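Written out below as structure tokens is the structure these notes cover.
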Amino acid sequence: MAVPINDFKIAQVKQPNIGEEKPSSVTAEVTFSIKSYRSQIRSEWNSLKEHDVLFLLCIRPSFEPLGAEEAEKATVPQKLGLQYVRGCEIIDIRDEEGNLMNDFTGRVKRDEWKPPKGEMRTVTVALDAAQYHIDVTDIAEKGAEDVYSTFNVLMRRKPKENNFKAILESIRDLMNEYCIVPEWLHNVFLGYGNPSAAQWPNMPNLLETVDFKDTFLDANHLSESFPDYEVSFTNADGAESLDPRPLFRITLPKTLKGNSAISGNKISEVNPADNVNMVDASPKEKLIVEAYTPPDPGPYPQDQPKQNSVKFTPTQVGAIISGIQPGLTMVVGPPGTGKTDTAVQILNVLYHNCPSQRTLIITHSNQALNDLFEKIMERDVPARYLLRLGQGEQELATDLDFSRQGRVNAMLVRRLERLNEVERLARSLQLPEDVGYTCETAGYFWLLHVYSRWEIFLAACAGNENNQSFVRDRFPFKDFFSDTPKPVFSGVSFEKDMRSAKGCFSHLKTVFQELEECRAFELLKSTADRANYLMTKQAKIVAMTCTHAALKRRDFLQLGFKYDNLLMEESAQILEIETFIPMLLQRQEDGHARLKRCILIGDHHQLPPVVKNMAFQKYSHMDQSLFTRFVRLGIPYIELNAQGRARPSLAKLYNWRYRDLGDLSIVKEAPIFHRANAGLSYEYQLVDVPDYEGKGESTPSPWFYQNQGEAEYIVSVYIYMRLLGYPANKISILTTYNGQKLLIRDVINRRCAPYPFIGPPSKVTTVDKFQGQQNDFILLSLVRTRFVGHLRDVRRLVVAMSRARLGLYVFCRRSLFEQCYELQPTFQLLLQRPDRLGLNLNENTAYTDRTVEEVKKPYFVHDVEEMAHIVHDRMNQFYQAQGVYEQYQNNMPQMEDGNEDMESDSVVEAVDGDESEKNTQQLNQAPDKDGESSKEVVGMEVDNNGFSSENGKADEN
């Protein structure tokens, strides 16, 4: 995307550094207008931010057309009249009134932010100082043209592709630095030595006893989690516990340390010989478990810790144990096996067992990071210790702000709340209230008046254990806790009242501890200093994407960012270099790396990192993630073995790709998984789509595949489901090509968007983009009719088959895909059922009592046109029921216009999938005079008199 430049001027040229000839920096100001663009294009230009790269162009097109031979020989610059290109990096962007836009440094506070004013934008940019010196020298010595007075076009790249400069700088810095990976990871990373050398049983400084907090729901759950051990429960004093209740501390036995004999710990197929040391299960060794009662957290509801409700499987427990111990942990998580829940529990247990350590969370996508972060917030980790870096923080589904600025503001607000509590405490003790003026005075108040009174109280209690009401009568802070929801003391039992008194004191201790943490925010006055302190000292769990880590590595090093543990989700989707960079976001200490744990969670059976350059992808193997390379090297990994996402029958479509992938009890017992999909005979089906209007797949432009018959069929089925009452947000439409995605969107815009009771589905996207997400019902278009294409990659098939929870309907050309050898295990299952869509037309709502095994009498749809007839009749019935049948007849989409033009119309100027997507979206947003989309989009013409087929009449019900 490019805009004309209204004004360009060099703002500042700084003196060269000592020993250099080029200027130390060159800045310029570029002014442009966004007046004549649509809102989407405006928002893209308005979203420019610091460090984005722009290009300054000088274009002088020739007004004389080139001859045929000249045009054939001409280079792209000659054809366009491109004279000069110079790169620049954004420092800041301002609106027409000079207000700073998109500032993430804290100079503009969030509550002071205002929408940009006017149509003019001024960007301050940093030019390449070395290139500027060359240009100026050429002007002075050779009389060359002043390049900087000729720029007339400002160009930018797509936001997702515009971070190349910072990432390349990080890679260059790593190449020029003496980088140290931890000693325990060194040999494994390079690929030699013992593959299991970095596993926790071979590591020093192990945690002997681990407090698992709320990992286990009860004693039976704990016993089931260690089937190879005889679990022995004890009390805190060492005596046997007859009625053990959570929480539990486990002393890990030495045999467990020596050979990873945790149930579910798998060794990769590459080197199964490492598995010979597994411990024999009989006789079972004792596992000592201490059941303890946690101290009273306090009398207020907000003091109560948040509890885990997930019943972890033995394999997940093995992954949690491995994750909290030092060393390398690799967890393979097939679809729906609870990778995120396992990762969150590792973080939770790690925080409580090692409270002084800091953990860095890295994911590939903002979506995955937000899912992980939202679950962490539901666990017993204080919000003040959580920090989310990067742009995706705005998408978090929470009222709290976890960005740096948001956390600073939250700390300042919390400080005022806690100081008010201190003043209230002083009033209750009949002391002057000015002790709550600052965090410092509150600290003195704690030592002089609060802690001293508590010590006196404890000393007085020492000899009065027999006096049941002693605690209630003598507790020094009784007046302060007079506003609790329930009375704090009963006066019946000394032990119970003493426990409550300790809970009250724990509440006070937390108040003053938080104030001590807020003290730095009192002393640091600038927002930037406060934000940096928060990131480097205060936060215990810092989350970001791998891209953000690569972009900001230099900043992290300058600030002295430190962390002890690295947890990486979606690690099989991340390039090796993007996995390597997060390991080195901190400087080594005395020549040693500080990193103690590296936890990689991913699934190498799903799609790998995206590498568009085929040479890099095929010959350099850049699409191989570090996670996949470790698996191939034979490094032991834990494979989660029970899925809780999909019906067991749906899971069979992809579980053949994994070792022993079973089902959790929820998918076997929950009623929703037993009930059939109303209106549809089967919970999954392959639907054979014949040529539509004499055509199968088409390619309006290279690599841009479309199949109009499948697009029409899928949208008809979607409308049918919506008319039955299926929620739109429970249905997603997936396809394997960008061209088909755009075509389906066009059909939806024409056939669904005009009717509010139908509307668009939750998502229409490609299989690749939908990795890591799920929905109840998936309609999948495989597009190709001549060659199988890139679905031949089994990893893509696994992703496609594993997105649905309750229903999966695959629309494709049967004769093509049933012959593909790589896809046989899945397609053999699909083809056990009829290849024509089976409907239960007597079911008229989204609810049915029919079980998933009951097919009853299905009506098999013959082709695309017949499905359109069924949908039309259902629409008639709906409008007749609403009493507005005539209005529907007048508004019904007409079919006769534009079927044959639709595919090429979608991609009239497409070069590749992404470009065509942008073009089509822009085209769709341009309304015509009637307020409808100006594009011709297909509707389905139907016969109002019903229809007949070999199945008989479809509308008899």
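None of the figures in this text is laboratory data; all of them are computed from the coordinates on show. Treat the numbers as computed from the prediction; the structure is a model and nothing was measured. Reconstructed Cβ throughout: ideal geometry from the backbone, glycine too, with neighbour counts over all protein chains shown.
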> Counting each DSSP H run of 4 or more residues in the chain as -39500 (n - 2.57), what helix-only mean residue ellipticity at 222 nm follows after dividing by all residues, to the nearest 500 deg cm²/dmol?
Replying inline: -10000 deg cm²/dmol
>> Could you work out the relative contact order of the stretch 286-370? I mean the mean sequence separation of Cα pairs under 8 Å and 6+ apart, divided by the number of residues, in percent.
In response: 19
> Check Gln771: other-chain or 5+ apart residues with amide H under 5 Å from its amide H, H built from backbone geometry?
Replying inline: none
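Averaging sequence separations of C-alpha pairs under 8 Å and six or more residues apart, then dividing by the length of the chain, give the relative contact order as a whole percent.
Details: 1694 pairs, mean separation 97.7, N = 957.
Relative contact order for the chain comes out at 10 percent.
Would you tally the net charge around Asp135, using a Cβ to Cβ cut-off of less than 15 Å, leaving Asp135 out, and scoring K and R as +1, D and E as -1? All intermediate terms of the calculation are to be shown ahead of the outcome.
Values: positive: Lys22, Arg86, Lys142; negative: Glu21, Asp128, Asp138, Glu141, Glu145, Asp146.
Local charge sum for Asp135: -3.
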> Which cross-chain or sequence-distant (5 or more) residues have an amide H under 5 Å from the amide H of Ala642, H modelled 1.01 Å from N in plane?
Replying inline: Gly662
> Nearest 20 debye, what's the magnitude of the dipole of the stretch 643-913 about its Cα centre given +1 on Lys and Arg Cβ and -1 on Asp and Glu Cβ?
Replying inline: 1280
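Relative to the compact globular guide of 2.2 N^0.38 Å, what is the alpha carbon radius of gyration of the stretch 643-913, as a ratio? Provide the component values of the computation, followed by the final result.
Working: Rg = 18.2 Å, N = 271, 2.2 N^0.38 = 18.5 Å.
Dividing the Cα radius of gyration by 2.2 N^0.38 Å gives 0.98.
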> Using the beta-carbon distance between Arg675 and Ala881 and R0 = 30 Å, what value does 1/(1 + (r/R0)^6) give for FRET efficiency, to the nearest 0.05?
Replying inline: 0.75
> By per-residue mean of other Cβ atoms within 10 Å, what is the highest-first order of 634-645, 779-790?
Replying inline: 634-645, 779-790
> By average Cβ neighbour count within 10 Å, what is the ranking of 177-187, 729-739 from highest down?
Replying inline: 729-739, 177-187
>> Going 7 Å from the Cα of Asp218 along its beta-carbon direction, which residues of the stretch 234-250 have the amide nitrogen within less than 12 Å of the resulting point?
In response: 244-246
>> What's the ranking of 553-566, 5-18, 696-709, 649-662 by average number of surrounding C-beta atoms within 10 Å, highest first?
In response: 696-709, 649-662, 553-566, 5-18
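Show me the GluC sites (Glu not before Pro) within the stretch 1-70 that DSSP assigns to loop and that have at most 14 other Cβ atoms within 10 Å of their Cβ. Present the calculation step by step, with values, prior to reporting the outcome.
Values: sites: Glu20, Glu21, Glu29, Glu44, Glu50, Glu69, Glu70; in loops: Glu20, Glu21, Glu50.
Here the sparse-neighbourhood loop sites are Glu20, Glu21, Glu50.
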> Per 5 Å bin from zero, what fraction in whole % of the C-alpha pairs of the stretch 2-162 is there, up to the bin with the longest pair?
Replying inline: 1, 8, 14, 18, 17, 15, 11, 8, 4, 2, 1, 0, 0
>> Once you order the gyration tensor axes a ≥ b ≥ c over the Cα atoms, which shape class does the stretch 563-722 get: rounded for a/c under 1.5, otherwise prolate or oblate by comparing a/b with b/c?
In response: oblate
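For the stretch 408-529, what is Rg from Cα atoms divided by 2.2 N^0.38 Å, rounded to two decimals?
On the way: Rg = 16.3 Å, N = 122, 2.2 N^0.38 = 13.7 Å.
Cα Rg divided by the expected 2.2 N^0.38 Å: 1.19.
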>> Tell me which of Leu551, Met175, Thr215 sits at the most positive position along the dipole axis of the chain, charges placed on C-beta atoms (Lys, Arg +1; Asp, Glu -1).
In response: Thr215
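Tally Lys and Arg at +1 and Asp and Glu at -1 over the other residues with C-beta under 15 Å from the C-beta of Ala572: what net charge comes out?
Counting the neighbours of Ala572, the net charge comes to -3.
Take Thr484, Thr75 and order them by how many other Cβ atoms sit within 10 Å, fewest up front. All intermediate terms of the calculation are to be shown ahead of the outcome.
Values: Thr484 16, Thr75 8.
Listing Thr484, Thr75 from fewest to most nearby Cβ atoms yields Thr75, Thr484.
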> So which of Lys142/Lys165; Lys49/Lys114; Lys213/Lys284; Lys311/Lys652; Lys741/Lys769; Lys478/Lys502 end up more than 21 Å apart, counting from Cα to Cα?
Replying inline: Lys142/Lys165; Lys213/Lys284; Lys311/Lys652
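What does the charge add up to near Lys596, with Lys and Arg as +1, Asp and Glu as -1, over the other residues with Cβ less than 13 Å from its Cβ? List each step's numbers first, then the result.
Numbers: positive: Arg358, Lys562, Arg594, Arg597; negative: Glu183, Asp564, Glu589.
The answer is +1.
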>> I need the shape label for the stretch 365-444. Rule: rounded when a/c is under 1.5, else prolate if a/b > b/c, else oblate, with a, b, c from the alpha carbon gyration tensor.
In response: prolate
> Hey, if you put +1 on the Cβ of every Lys and Arg and -1 on every Asp and Glu Cβ in the chain, which of Thr313, Ile574, Ser620 ends up farthest toward the positive end of that dipole?
Replying inline: Thr313
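With only Lys, Arg, Asp and Glu charged, each at its Cβ (+1 for the first two, -1 for the last two), find how big the charge dipole of the chain is about the Cα centre; round to the nearest 20 debye. Provide the component values of the computation, followed by the final result.
Working: 109 positive and 132 negative charges, 440 e Å.
Its charge dipole is roughly 2120 debye.
Based on the Cβ-Cβ distance of Lys856 and Lys769, what FRET efficiency does E = 1/(1 + (r/R0)^6) give at R0 = 30 Å, to the nearest 0.05? Write out the running numbers ahead of the final one.
Details: r = 36 Å, r/R0 = 1.21.
The formula returns an efficiency of 0.25 here.
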